[in-house]
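In what follows, a single structure is set out as structure tokens and then discussed.
The values are calculated or read from the model by the stated rules, or taken from the named source; none is laboratory data. Predicted model only: the values in this text are computed from it and were never measured. All Cβ positions, even for glycine, are placed from backbone atoms using ideal geometry, and neighbour counts span all protein chains on display.
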């Protein structure tokens, strides 16, 4: 009330405030005010303490404090500071030449060992949650040197090899100079000198290029496009002045760089090489690193010469007085070619997008439309994995189909323009005939066509060399930005199959594994130490020299060369010198960084596979990697052994028992004169080299729940020599006597169908029937198979094969089957049913067993004119009977033997092996068959294989496509599939077009294919002629089987047994090509991409010693031996050596270096 009385006279605004009163603050006493003020003072003090003050140069302050303690005054202190600064400036001036580079090292801090209270890292299990956890990284702090180069020249840009990875740079320099570079002064000096020498080298290249521009431009009155662009004019005199001024600038810069080199050489550290020798080696190093630049300059000069040649051809055409109709026709031809070149460029851009996995955006938008993710199982892991894999496969196949359609559209457009061009060319020819005389017509038409073709080829080379690389770099920049987004996009390239819910691998590691099991890391020996390289050189040299000595010492004509000959020492020294030069030459830094990066990826993948208990294997059919849980590779094999009952577990190591049984059996056969000594020596196992076989499994990723296929590695087993001996003895007999019911490959089947059609047996109602035997090798009955082997030899009158009786052959086969012991999962097993899948004899025995089975079940029930053929466990036959009768025959065959179960298919459109057959109303249509599980995966172009391997990949695919394609349309579909497959595996478009062109020109005589931009076959008659040529040529498998059958020689004799005579047939199986390589020496060297030309140099060394001697007819053949591939390095199939080798010897419990 008192407050209202005091405020009787107020303004209107105040009245509003009174009418709407705000809550008043509480009354504060004086004690409370004092407390609040004290709290504010305390908080302000805290703020003052936390704020950091700048104390200036702390080093200088500490120095002044020391001087004050010593009793010095201000003048004396300042005098000392000035003296210190003068000395510091003098040192900076003396080291001006070498201090262009700052090297800062961070050393590892020495920490005292203390008990950490941090929680210890838990051991990661293989559960799903543990795999989702981030992978902890152990960071090792080392002496890391960082180089910050500072160049004096503002217009000089440092190359990559001087910018990146200084440690790798100095490591390469140590190899090049053969000298240690430990001090910072040496490293600074060399780094700055490398900059100067590199600049000098680049200036020299530019001088040569622009001098060529100047010389040719002044002569021909035409300049390259680069000059026109930089000079910003087309006038000849101005361009000439610009080029001359540019040359003067290069000369001045070159002279300045030479002067700086002379100045810097005065401060050369004493421990380095003499300056002349040092410069020589540094120049060699720079030439090696800048090799790509010199190639780029040469290609620029060649394109300029092409422009000059084109101008000359145009001048020749200009000498003729062209009529308006001729000029218009020629302009139309040029315009059509130009439009065609634009379409060709668009196709190359699309292929560039495919090669770097950056497809157009509308491809990515199709993912949800093609396979929308409506439902995801959440209860079990296996349905989730299967659902994801199926969805990924559907989207991937849809994208590949769309790409095939895109490429088809581009080719149709190209063919349309090509057709128009050919029509216009005919019109132009007719115009030239009508408007000119005969001789003048020929020269005019030829000159015009030469000009147009040369212009087309020049623009084509410009697209390859200039436009596509620029477009590719832009795509890569866009791709790097796109990778930052978290959205996962399905790619069209073959990918690794992950049978996991989540995985610990990075995207780079998965992309690296997607290169395939056969991929080889480049230049593996370049990362080894000097001692390791020396050891590799010694091993390779000793192996090859021993082969040469052994061959030359055993020569009879023209006489042997004794082992004591001094020629071998000279030969070996020359080879050693050459190997040292090639192995010790440092790599270009870009290649070395790539080799290191890939080695790091391999080691990282190995660690993660071991840590998370995962297993990596090559798939059974799709030629890609598969990663699954280790526990699956324990449970599935256990179930497989229980279901088949083909294996029994052993309690003790069977090594000693197996060696004893095999050796004792062979000795007993020798004692009973059933085999001779040299045969026994071929089969007897050597204890030191013998190991137990081991089993591993390959995943069948194309089947539900991913079953496993068992493989037994018997390379060093006790029975391997016997198995190879029997295979070499019996397989030629099988090839000789059972060739009529065998199908060698798809070409062999097509040849049989061709004769079938010619005889009029193919009708509109003819059925094709295919079936395969389930687990043939595993379910093969051992004793019954050996009995059938004896029947086969008796039926074909093979009483004695190479003086070995039938009973002896059966006994040797029994040794192989019964002594099949192996290791799996640290346990020992013996196979009691069937044979080892991987043994040579098992394949031959399975073929002979099926020979008896098919003779009893099918051959007797099929008409003689029908085709019947078998490829191991896959069978094909034709039938004009009803489908019900065919099923009845197959069901009876399925019940004939308890171990032989078959799965059959009946129809008029069926695949068999790699060919698809279609009976289209009595007309046979065929095409290449791609299994649904097969990925478009071939050897990656990035792999470190010899170059001829990639050529063979393309030629083999094209040859199969032409042979199997019944029409030109079918072939074009397969050709586009091959082209996309090569792009998926990193083959460049230029390489693909070049190899396609060579292949078509090799088998076709038309000149149209050589002049076309795209290597295509558009004429059906040309295609069918090419198909007939390739049909007449036998395949490699057919040649091998024919040679094998021809090694069998049959000799019939008569043996007297009392008063009766018994005919005896002896079979002699000769060695294949025993005299073909009698004058050849075979040696092998490791292949790496940096060893280009190694074979040629070894031949030159060999010829320098033997060319003008009596041994000049002896031919040296140098083969390749590849480095280990990814499958060998990452797939741990082999158990530890202590389980495989002789247990009586002490073996280290280590895994082999895989």
I'd like to verify a number: residues in region 848-857 that are surrounded by 20 or more Cβ atoms within 10 Å (Cβ to Cβ) and more than 18 Å from residue 898 (Cβ to Cβ), how many? 2
Taking the criterion of being within 30 Å of residue 515 (Cα to Cα) and either surrounded by 17 or more Cβ atoms within 10 Å (Cβ to Cβ) or in contact with a helix residue (DSSP H, G or I) (Cβ under 6 Å, 6 or more places away or on another chain) (or both), would at least one residue in region 1103-1113 satisfy it? no
It is to be established whether one or more residues within region 848-860 are free of Cβ contacts under 8 Å to residues at least 12 places away in the same chain, assigned by TED's automatic domain parsing to the domain that holds residue 683 and part of a loop (DSSP other than H, G, I, E, B). yes
Residue ID - nearest to the chain's Cα centre (by Cα), chosen from residues in region 945-965 that are assigned to a loop (DSSP other than H, G, I, E, B) and surrounded by 19 or more Cβ atoms within 10 Å (Cβ to Cβ): 945
Please find, among 389, 429, 396, the residue that is touching a strand residue (DSSP E or B) at 6+ places or on another chain (Cβ under 8 Å) and farther than 15 Å from residue 1018 by Cα. 389
Quick check, is residue 226 assigned to a helix (DSSP H, G or I) and under 36 Å from the mean Cα position of the chain (by Cα)? no
Which one of 432, 410 is over 40 Å from the mean Cα position of the chain (by Cα) and either more than 14 Å from residue 363 (Cα to Cα) or free of Cβ contacts under 8 Å to residues at least 24 places away in the same chain (or both)? 432
Let me spell it out: the conditions are (1) free of Cβ contacts under 8 Å to residues at least 40 places away in the same chain; (2) touching a helix residue (DSSP H, G or I) at 6+ places or on another chain (Cβ under 9 Å), and residue 284 meets all of them except one. Which number is the exception? (1)
Every residue from region 259-315 that is surrounded by 15 or more Cβ atoms within 10 Å (Cβ to Cβ) and part of a loop (DSSP other than H, G, I, E, B): 267, 268, 272, 273, 290
Pairs under 9 Å by beta carbon, first residue in contact (Cβ under 8 Å) with a residue 24 or more places away in the chain in region 226-238, partner part of a helix (DSSP H, G or I), six or more apart or different chains? 226/213; 226/300; 226/304
Inside region 550-563, the number of residues satisfying the requirement of being in contact with a helix residue (DSSP H, G or I) (Cβ under 6 Å, 6 or more places away or on another chain) and at pLDDT 85 or above is 2
Hey, any hits in region 456-478 for a residue that's in a loop (DSSP other than H, G, I, E, B), modelled with pLDDT of 85 or more and within 34 Å of the chain's Cα centre (by Cα)? no
Being at pLDDT below 95, at negative phi and surrounded by fewer than 16 Cβ atoms within 10 Å (Cβ to Cβ) is the requirement here; does residue 1007 meet it? yes
Please go through region 895-922 and give me each residue that is touching a helix residue (DSSP H, G or I) at 6+ places or on another chain (Cβ under 9 Å) and free of Cβ contacts under 8 Å to residues at least 60 places away in the same chain, ordered by number. 896, 897, 916
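Mind listing just one residue for me: the one in region 163-187 that is over 19 Å from residue 283 (Cα atoms) and touching a residue at least 40 places away in the same chain (Cβ under 8 Å) and, of those, surrounded by the fewest Cβ atoms within 10 Å (Cβ to Cβ)?
Kept after step one, since they are over 19 Å from residue 283 (Cα atoms), are these residues of region 163-187: 164-165, 167, 182-185.
Retained after the next criterion (residues that are touching a residue at least 40 places away in the same chain (Cβ under 8 Å)): 164-165, 183-185.
Values: 164: 14, 165: 16, 183: 12, 184: 15, 185: 17.
Ranking the qualifying residues of region 163-187, first place goes to 183.
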Checking residue 981 against (1) part of a helix (DSSP H, G or I); (2) surrounded by 15 or more Cβ atoms within 10 Å (Cβ to Cβ); (3) out of contact with any helix residue (DSSP H, G or I) (no Cβ under 9 Å at 6 or more places or on another chain), the condition it does not meet: (3)
It is to be established whether one or more residues within region 738-747 are assigned to a helix (DSSP H, G or I) and at pLDDT 90 or above. yes
Count - residues of region 895-931 that are assigned to a loop (DSSP other than H, G, I, E, B) and within 35 Å of the chain's Cα centre (by Cα): 5
One residue is enough: does region 502-509 have a residue meeting the conditions at pLDDT 90 or above, under 14 Å from the mean Cα position of the chain (by Cα) and more than 30 Å from residue 578 (Cβ to Cβ)? no
Can you name the number of the only condition in (1) assigned to a helix (DSSP H, G or I); (2) buried (at least 20 other Cβ atoms within 10 Å of the Cβ) that residue 998 fails? (2)
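Yes/no matrix, rows are residues, columns are (1) over 29 Å from residue 1130 (Cβ atoms); (2) over 38 Å from the mean Cα position of the chain (by Cα); (3) surrounded by fewer than 18 Cβ atoms within 10 Å (Cβ to Cβ); (4) modelled with pLDDT of 90 or more:
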position	(1), (2), (3), (4)
597	no, no, yes, yes
603	no, no, yes, yes
622	no, no, no, no
627	no, no, no, yes
636	no, no, yes, yes
645	yes, yes, yes, no
656	yes, yes, yes, yes
670	yes, yes, yes, yes
I'm checking my understanding of the structure. Among residues of region 693-717 that are under 25 Å from the mean Cα position of the chain (by Cα) and closer than 17 Å to residue 496 by Cα, which one is surrounded by the most Cβ atoms within 10 Å (Cβ to Cβ)? 699
Checked region 678-692 for anything surrounded by 14 or more Cβ atoms within 10 Å (Cβ to Cβ) and part of a loop (DSSP other than H, G, I, E, B); matches are 684, 685, 687, 690, 691, 692
Counting only residues that are assigned to a strand (DSSP E or B) and at pLDDT 90 or above, which one in region 780-814 is farthest from residue 1069 (Cα to Cα)? 805
When you look at residue 891, is it assigned by TED's automatic domain parsing to the domain that holds residue 650, more than 44 Å from the chain's Cα centre (by Cα) and farther than 30 Å from residue 762 by Cα, yes or no? no
